[in-house]
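Taking it in order: structure first as structure tokens, then the write-up.
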Amino acid sequence: MRTVGANTSDWSNVYVGGVIDADASNENGISLGSNSGAPYANGWSFVGTKILGNASSPTGTGLDLEGAASSLHGGVVSGWGQGITIVTSNPASGVKGGFEISGNYIENNQNYGILVGYSGSVSSPAGVAISGNYINCNGVGSIGVELQQVNGYSIAGNHIPTVRRPQSTAPPMEPARARTMAL
């Protein structure tokens, strides 16, 4: 699914349920507003939607949103290079605000679970709320949530498991001895 051009009627859409599924690598799931000169993809809501990538070769982006006042609730974003990207590529200036990502299952995305903003852009997302999600990066080098040049955000109540590294087989080190120093 993708929007293109400067269609000023590309706002206030609700997508309930359903599955958006990539059947090959190098595909994207949903791309809203990233191909237009100005971000007109405003007021989009996805509720209970599964956005599934090619898990055997995770590339592309599950949900790429360039606009404002949009949300993803109770869905799944899995098997992508980047799970969710918000205001990361559109060169239009100004602040884009009002994004909510809540109650989702975000897993098996190779680089990012959620990426908001881009440090080299003049766009600054604002009013970002990320809450109640399960975000499993599944590997070293993967990032659960990254915010770049974001103003006004809330990240609360998410479950982000850590990667467990193997225990060392080296013998335990002697505990450091306490030292005091006179000044």
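Where residues in the range 125-159 are open to solvent by 60 Å² or more (accessible area, probe 1.4 Å) and modelled with pLDDT under 90, which of them is nearest to residue 111 (Cα to Cα)? Residue satisfying both the conditions and the ranking: 141. When 85, 61, 49 are screened for being at pLDDT 90 or above, buried (at least 20 other Cβ atoms within 10 Å of the Cβ) and more than 13 Å from the chain's Cα centre (by Cα), only 49 passes. Of the residues making up the range 1-34, those that are at pLDDT below 65 and either more than 19 Å from the chain's Cα centre (by Cα) or open to solvent by less than 80 Å² (accessible area, probe 1.4 Å) (or both) are 3, 4, 5, 6, 7, 8, 9, 10. Within the range 141-155, residues that are over 16 Å from residue 100 (Cβ atoms) and assigned to a strand (DSSP E or B) sit with their Cβ atoms under 6 Å from residues that are of a type outside the set (Ser, Thr, Tyr) and open to solvent by 40 Å² or more (accessible area, probe 1.4 Å), at 6+ positions apart or across chains, in these pairs: 144/160.
The values are calculated or read from the model by the stated rules, or taken from the named source; none is laboratory data. The shown structure was predicted, so the numbers you read here are calculated from the model rather than taken from an experiment. In this analysis, Cβ positions are derived from the backbone assuming ideal geometry, glycine residues included, and neighbour counts consider all displayed protein chains. When the accessible area is computed, the model is the full protein with side chains, heavy atoms only, and any ligands, DNA or RNA have been set aside. Shrake-Rupley method; radii C 1.70, N 1.55, O 1.52, S 1.80 Å.
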